[in-house]
Amino acid sequence: MSGYEGPMRVLSGIQPSGGMHLGNYLGAIRKFVELQHEYDCFYCVVDMHAITVWQDPAKLREQTFHIAASYLAAGVDPKIAAIFHQSAVRAHAELAWIFNCVARLGWLDRMTQFKDKAGKDKERASVGLYTYPVLQAADILVYKATHVPVGEDQKQHLELSRDIAGKFNHDFKADDFFPLPEPLIKGPKGQGGARIMSLRDGTAKMSKSDVSENACIFLKDDADAIARKIKKAKTDPEPLPSEPKGLEGRPEAANLVGIYAALAGKSDADVLAEFGGQGFGVFKPALAELVVEKIAPIGAELNRLEADPAYLKSVLDAGAERASTVADKVVREVKEIVGFVV
């Protein structure tokens, strides 16, 4: 953060492009709940990022409410943290344009996620998909966020945010105007970050778009669906090892142990001390029981909240108003710094 002396703030967001699942919960949303008690937190639904690829408008609105409801159901308190949709705070787009003029083409050319998402047909990809990381930098820096909870796959984008902040500060002789945001990769207290993989392929991340309906546990799954998916989860014929080293080369076993550890607030070593030497016929029912215990109540609350879109809209509107109070001030200061008539 260099010499920045402003308040410690967190910014994070999730795209409204599908149902929230166990990976989203353990990898992101649960962190949001804990962080709200440690930092000034802004949690958005990044609907502007979502439209970098085609979205059905009606579905986009529905998914925006779904993400907001997921935050609330998991325990994010709108009285503590601001919950809002990105497009409701115009300062994001305003700062993104200024940052487009600060960032350099070569920086964006090195962004691996564009290459992954655009594939071989990059000439047909939207300009928005290419400049996505610049908008992401604006999302973070429009609140002068000092910390960002990120997964390993987003570290490169956070580095770009730091580069843009540093170049802006240098070019306009505005020392430490923007902080250099730092990553928060660790998960909830007492354990590392949880990277949840597919129940059908331990080498692939759990994804809402997986072709197999049994690969992903959604927050809205009921107890029967959760138990069925855990029962059908891919494993190997060997019993669980007695220590983590024995999970090497066994991605499916490692994933199931990791899920149990993350939900129980234990280490992999703790889980294996309890279940080592036993087969999956014993471990899977225990895992299913734990997942149901932790996730089913969230799913029930999620369903209740989604049945009240007026309430969800009120939460998003209040959050946007709160976010705009901070973001509009930052953008006004930026405009003055770059020489716009304000």
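So, VAL257, is that one surrounded by 20 or more Cβ atoms within 10 Å (Cβ to Cβ), β-branched (Val, Ile, Thr), outside the structural domain of LYS117 (by TED's automatic domain parsing) and on the phi < 0 side of the Ramachandran plot or not? The answer is yes for VAL257. ALA225 fulfils the conditions (1) without any contact (Cβ under 8 Å) to a residue 24 or more places away in the chain; (2) loosely packed, with under 15 Cβ neighbours inside 10 Å except for a single criterion, (2). Checked against (1) within 26 Å of ALA74 (Cα to Cα); (2) part of a loop (DSSP other than H, G, I, E, B); (3) under 22 Å from the mean Cα position of the chain (by Cα), THR203 passes all but condition (1).
For every residue, the table says whether it meets (1) closer than 19 Å to ARG200 by Cα; (2) of a type outside the set (D, E, K, R); (3) surrounded by 18 or more Cβ atoms within 10 Å (Cβ to Cβ).
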site: ILE230; (1), (2), (3): yes, yes, yes
site: ALA233; (1), (2), (3): yes, yes, yes
site: PRO237; (1), (2), (3): yes, yes, no
site: LYS245; (1), (2), (3): no, no, no
site: ALA264; (1), (2), (3): no, yes, no
site: ALA273; (1), (2), (3): no, yes, no
site: PHE283; (1), (2), (3): yes, yes, yes
site: GLU289; (1), (2), (3): no, no, no
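Within segment 301-309, identify whether any single residue is within 20 Å of ILE217 (Cβ to Cβ), exposed (fewer than 15 other Cβ atoms within 10 Å of the Cβ) and within 24 Å of the chain's Cα centre (by Cα), and answer yes or no. Yes: one or more hits. LEU105 meets each of the listed conditions (1) at pLDDT below 95; (2) crowded, with 19+ Cβ neighbours inside 10 Å apart from (2). Evaluating VAL53 against the criteria (1) surrounded by fewer than 23 Cβ atoms within 10 Å (Cβ to Cβ); (2) within 20 Å of LEU305 (Cα to Cα) leaves one unmet condition, (2). Of all residue pairs spaced 6 or more apart or on separate chains, those with beta-carbon atoms under 9 Å, a first member in segment 165-189 that is of a type outside the set (A, V, I, L, M) and at pLDDT below 90 and a second member that is assigned to a loop (DSSP other than H, G, I, E, B) and surrounded by 14 or more Cβ atoms within 10 Å (Cβ to Cβ) are LYS186/GLY192; LYS186/GLY193; GLY187/GLY193; GLY187/ALA194; PRO188/ALA194.
Inspection of segment 178-186 finds no residue satisfying the criterion of being outside the structural domain of PRO133 (by TED's automatic domain parsing) and surrounded by fewer than 17 Cβ atoms within 10 Å (Cβ to Cβ). Scanning segment 208-217 for residues that are surrounded by fewer than 21 Cβ atoms within 10 Å (Cβ to Cβ) and either touching a strand residue (DSSP E or B) at 6+ places or on another chain (Cβ under 8 Å) or among the aliphatic types (A, V, I, L, M) (or both) turns up LYS208, VAL211. Determine, yes or no, whether VAL150 is within 19 Å of the chain's Cα centre (by Cα) and among the aliphatic types (A, V, I, L, M). It is true that VAL150 is within 19 Å of the chain's Cα centre (by Cα) and among the aliphatic types (A, V, I, L, M).
Residue-by-condition table, conditions (1) at pLDDT 95 or above; (2) of a type in the set (A, V, I, L, M); (3) in contact with a Cys (Cβ under 9 Å, 6 or more places away or on another chain):
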site: ASN214; (1), (2), (3): no, no, no
site: ARG228; (1), (2), (3): yes, no, no
site: ALA233; (1), (2), (3): yes, yes, no
site: PRO237; (1), (2), (3): no, no, no
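The values are calculated or read from the model by the stated rules, or taken from the named source; none is laboratory data. Note that the structure is predicted; figures quoted are calculated from it, not measured. For neighbour counting, all protein chains shown are included, and Cβ atoms are generated from backbone atoms with ideal geometry for every residue, glycine included.
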